Amino acid sequence: MTELVRVDNVSKVFDISPPLWHRVLTRQPKRLVQAVDNVSMSIEAGQTYALVGESGSGKSTLARTIVGLTPPTSGSVWFDGALLAGATHKAVAPSVRRQVQMIFQSPYASLNPRWRVGDIVAEPIRAFGLSDRRQASRRVDELLEQVGLASSDAARFPHEFSGGQRQRISIARALASEPRFIVCDEPTSALDVSVQAQVLNLLKQLQRDLGLTYLFITHDLAVVRTMAHQIGVMKQGALVEAQSADALFASPQHAYTQMLLDSAPIVSPKASRSGQL
Ligand SMILES: Nc1ncnc2c1ncn2[C@@H]1O[C@H](COP(=O)(O)OP(=O)(O)O)[C@@H](O)[C@H]1O
Ligand SMILES: [Mg+2]
C-alpha cells in the first residue's frame, strides 16, 4: 500500500458577515462558517476513499480544497509528496495539477453548452500540451470510446445527450489529462437509479484499467457499498469516523454513522449473515 494523497489538518472558514459599514452601524459581530474543521485523511493509491455525510456537512468544500479550487484557511494537501494545496498560496506545477481532476454532480454546469463534445474533451489535452492537433483528435476518439460513447459523438453538443451520457462526457474530459487521482463530488446523485449503477460500473472499470485513485463523495452510503475501500464520515465539517469499508459496515463506531447506515436502503450485514434477505 502506498499513500497517494494526504490531507493534513485542513480547515476552511467562510466569512459570511454583512459589509463592514453595516456591521458597525448595527453592532453585529463577524459571522463565520466553519465548513471544514481540522480534517486529516490518507488516500491509498489505486483505491476509492468514500466521503459520506449529510448535505451541508462540508464535503464539497473539502473536495474543492483538496483539488486546489479554493485555498484552505489552514492545513495542507499533499499529492505524491508534492504540495497540492496550502494556506499560503504557492503555484502548483502543471505536471502535478494535470494528475488531479474533479467530476461534479451536475454535468450541465461543468460542460460548456456552446462547445462540441470533441472540443470539451480535447481542452485539457491542449491546455497541458499533451499532444498535437492530429493526435489530440485521435485521443478524443479513444477517450469517448473508453467511457462508452461513440467517436462520432465528438461533433455533437452537450444538450443532445441524456444525463448519464453527459456524465460520461465529463468523465472523458477528466481522463483527458491522464490523471492519477479523481475527486468525484456526488457524480451520480442527479441520475436515475439504473443510470447511476451504469456510471458507477464505468468508474469501477476505469479504476481497474487505469489504476485510478478516487475520492468519492456522496450523501448516500448505499452508493459506495460496492465501490469504497475506505470510508470517512463527515458531520458539521469534521471527520467523525474513518475506517475500511468492511469494518465500517460491520461495526460503525459513531452513532451518526449508524444513523446513516440505518437510513440507507441496504441489507444490513447482520441480516444477511442470518439469511434473512
Ligand atoms: N462559498 C461559500 N461561502 C459561504 N459559505 C459556504 C460556501 N460554500 C459552502 N459554504 C457553507 O459551508 C458549509 C458546507 O457546505 P458544503 O461543503 O457545500 O457541504 P456538502 O457538500 O456536504 O453539502 C455549509 O454550511 C455551506 O453553507
Ligand atoms: Mg456538496
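The values are calculated or read from the model by the stated rules, or taken from the named source; none is laboratory data. Source: prediction; values computed, not measured. Cβ atoms come from the backbone with ideal geometry, glycine included; neighbour counts cover every protein chain shown.
Return yes when Glu186 is over 14 Å from the mean Cα position of the chain (by Cα) and of a type outside the set (A, V, I, L, M) and no when it is not. Spelling it out, it is not the case that Glu186 is over 14 Å from the mean Cα position of the chain (by Cα) and of a type outside the set (A, V, I, L, M). Can you confirm whether region 10-17 contains a residue that is within 16 Å of ligand 2 (Cβ to nearest atom) and more than 22 Å from Phe216 (Cβ to Cβ)? Yes, that holds for at least one residue. Scanning region 50-94 for residues that are out of contact with any Ser or Thr (no Cβ under 8 Å at 6 or more places or on another chain), within 16 Å of ligand 2 (Cβ to nearest atom) and assigned to a strand (DSSP E or B) yields a total of 0. Just checking, which of Arg168, Arg208 is more than 13 Å from the chain's Cα centre (by Cα), without any contact (Cβ under 8 Å) to a residue 40 or more places away in the chain and surrounded by 21 or more Cβ atoms within 10 Å (Cβ to Cβ)? The match here is Arg168.
If you go through region 73-100 and keep only what is surrounded by fewer than 12 Cβ atoms within 10 Å (Cβ to Cβ), of a type in the set (S, T, N, Q) and closer than 19 Å to Asp15 by Cβ, you end up with just Thr88.
Among the residues of region 95-115, just one is out of contact with any helix residue (DSSP H, G or I) (no Cβ under 8 Å at 6 or more places or on another chain), within 16 Å of ligand 1 (Cβ to nearest atom) and not in a loop (DSSP other than H, G, I, E, B), namely Ala109. Go through region 54-72 and give me each residue that's within 9 Å of ligand 1 (Cβ to nearest atom), more than 16 Å from Ile103 (Cα to Cα) and crowded, with 23+ Cβ neighbours inside 10 Å. Matches in region 54-72: Ser57, Gly58.
Contact annotation: residue pairs with Cβ atoms under 7 Å, 6 or more positions apart or on different chains, pairing a residue in region 52-63 that is at positive phi with a partner that is in a loop (DSSP other than H, G, I, E, B) and at pLDDT below 95, are Gly53/His219. Taking Arg156 as the residue in question, decide whether it is modelled with pLDDT of 90 or more, surrounded by fewer than 16 Cβ atoms within 10 Å (Cβ to Cβ) and either over 27 Å from Tyr49 (Cα atoms) or touching a helix residue (DSSP H, G or I) at 6+ places or on another chain (Cβ under 7 Å) (or both). Here the answer is no, as Arg156 does not meet what is asked.
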